[in-house]
1. Within segment 3-12, does at least one residue satisfy the condition of being open to solvent by 70 Å² or more (accessible area, probe 1.4 Å) and either at pLDDT below 80 or touching a His at 6+ places or on another chain (Cβ under 6 Å) (or both)?
2. If you scan segment 1-30, which residues turn out to be in a helix (DSSP H, G or I) and in contact with a helix residue (DSSP H, G or I) (Cβ under 7 Å, 6 or more places away or on another chain)?
3. Being at pLDDT 85 or above and either of a type outside the set (K, R) or more than 12 Å from the chain's Cα centre (by Cα) (or both) is true for just one of T79, T37, T54. Which residue is that?
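The values are calculated or read from the model by the stated rules, or taken from the named source; none is laboratory data. All values derive from a computational prediction rather than experimental measurement. Counting neighbours? That spans all protein chains shown, and the Cβs are built from the backbone with ideal geometry, glycine included. The accessibility values were calculated without ligands, DNA or RNA, using every heavy atom of the protein model including side chains. Shrake-Rupley method; radii C 1.70, N 1.55, O 1.52, S 1.80 Å.
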Amino acid sequence: MRLGNMTPLETKPNREIGNASYAEKKGVFEKSDFQITRVISRGEGFANAQHYDTWDEQKIESRQKQLVQKSENNPSVQTELL
């Protein structure tokens, strides 16, 4: 399991999308109450945030590095990541 491949999501939408494709999940992520989840689809909220049209090993690695960097540089983000 990799941090870059995980994101919080509200219980109901999480159950509804289950193992759907990223293309299907992206629309749900856009509506999430969690900023860190919206960032995946919109690319807003964090400096240098990326949005992801596709989701593959390279994107997971990029997001993981971004999350680690944010948590190291800003203790308040550590709380948001949890």
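1. no
2. L3, G4, N5, P13, I17, E24, K25, K26, V28, F29, E30
3. Details: T79 fails: at pLDDT 85 or above; T54 fails: at pLDDT 85 or above.
Of T79, T37, T54, the one residue that is at pLDDT 85 or above and either of a type outside the set (K, R) or more than 12 Å from the chain's Cα centre (by Cα) (or both) is T37.
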